[in-house]
Amino acid sequence: MIAWASDLVVSAGLIGVFLLMVAENLFPPIPSEVIMPLAGFAAARGQLSIEGVIAAGIAGSLAGNAFWYEAARAFGTARIRRLTDRFGRYVGLTPQTLDRAEAALRRNGAAAVCLARMMPGLRTGISVPAGLVALPRPVFYGFSALGTSIWTGGLATAGYLLEDQFHLIEDWAGTAGLSLTALILLIVGLRIRRARRAG
């Protein structure tokens, strides 16, 4: 799979980088931890421009994010509420839980969207609840762009600087991203526990 991605990056150039990043955010076949360092490596060898690689990576990621956000927004909170009222008890989801989740995302939406762009498994996932609560588009796209720029730009630059040692970036980025995810889940878990004790 990595060899295929490398071939696509070199043969399709910046369009290939864009399409791979769109795909990563639609149905993740290859993580950005592989795509962007490979593209940075190709730039280091003079096959692409590093500025173009970063721009294509950001654009592709935002296009994939936009699909899920707009789809969830079109589906709407009202439909989700009807499903929750009817089937939520079977999965432990109540209308009150949905209210709290919406309130939390509305309070911390910008930070949540920005940080999620740098975490495995959440890069795409955050787009759905953001759409369901109709997080304002300027907030969603602005902070998605910020988080995506930091993540994809950092990976591409690291691939550019380390050249054929890009596999080290994949290992580091995966570990760092999972550690950040675990930390945030721990904080959320502690807050939920505290709220239950207070209630």
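Take residue 73 and decide whether it is open to solvent by 30 Å² or more (accessible area, probe 1.4 Å), more than 20 Å from the chain's Cα centre (by Cα) and charged (D, E, K, R).
Judged against the criteria, residue 73 is not a match.
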Check your understanding: For the stretch 55-66, does any single residue satisfy the condition of being under 12 Å from the mean Cα position of the chain (by Cα) and surrounded by fewer than 18 Cβ atoms within 10 Å (Cβ to Cβ)?
Key -> yes
Practice item. For the stretch 104-127, enumerate the residues that are in contact (Cβ under 8 Å) with a residue 60 or more places away in the chain and surrounded by 15 or more Cβ atoms within 10 Å (Cβ to Cβ). Key: 115, 118, 119, 120, 123, 124, 127
Review point. What about residue 170, is it modelled with pLDDT under 85, open to solvent by 70 Å² or more (accessible area, probe 1.4 Å) and either touching a helix residue (DSSP H, G or I) at 6+ places or on another chain (Cβ under 6 Å) or not in a helix (DSSP H, G or I) (or both)?
Key: no
Point to revise | Residue tally, condition open to solvent by 20 Å² or more (accessible area, probe 1.4 Å) and modelled with pLDDT under 85, over the stretch 1-43 | key: 16
Check your understanding: How do the pairs read when you match residues in the stretch 58-81 that are closer than 18 Å to residue 39 by Cα and free of Cβ contacts under 8 Å to residues at least 12 places away in the same chain with residues anywhere that are among the basic types (Lys, Arg) and open to solvent by 40 Å² or more (accessible area, probe 1.4 Å), using Cβ under 8 Å and keeping only pairs 6 or more apart or on different chains?
Key -> none
Point to revise | residue 52 touching a helix residue (DSSP H, G or I) at 6+ places or on another chain (Cβ under 7 Å), surrounded by 17 or more Cβ atoms within 10 Å (Cβ to Cβ), modelled with pLDDT of 85 or more and not aromatic (Phe, Trp, Tyr) | key: no
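The values are calculated or read from the model by the stated rules, or taken from the named source; none is laboratory data. Treat the numbers as computed from the prediction; the structure is a model and nothing was measured. Glycine also receives a Cβ, built like all others from the backbone with ideal geometry; neighbour counts cover every protein chain displayed. Note: accessible area is taken over every heavy atom of the protein model, side chains too, but ligands, DNA and RNA are not part of it. Shrake-Rupley method; radii C 1.70, N 1.55, O 1.52, S 1.80 Å.
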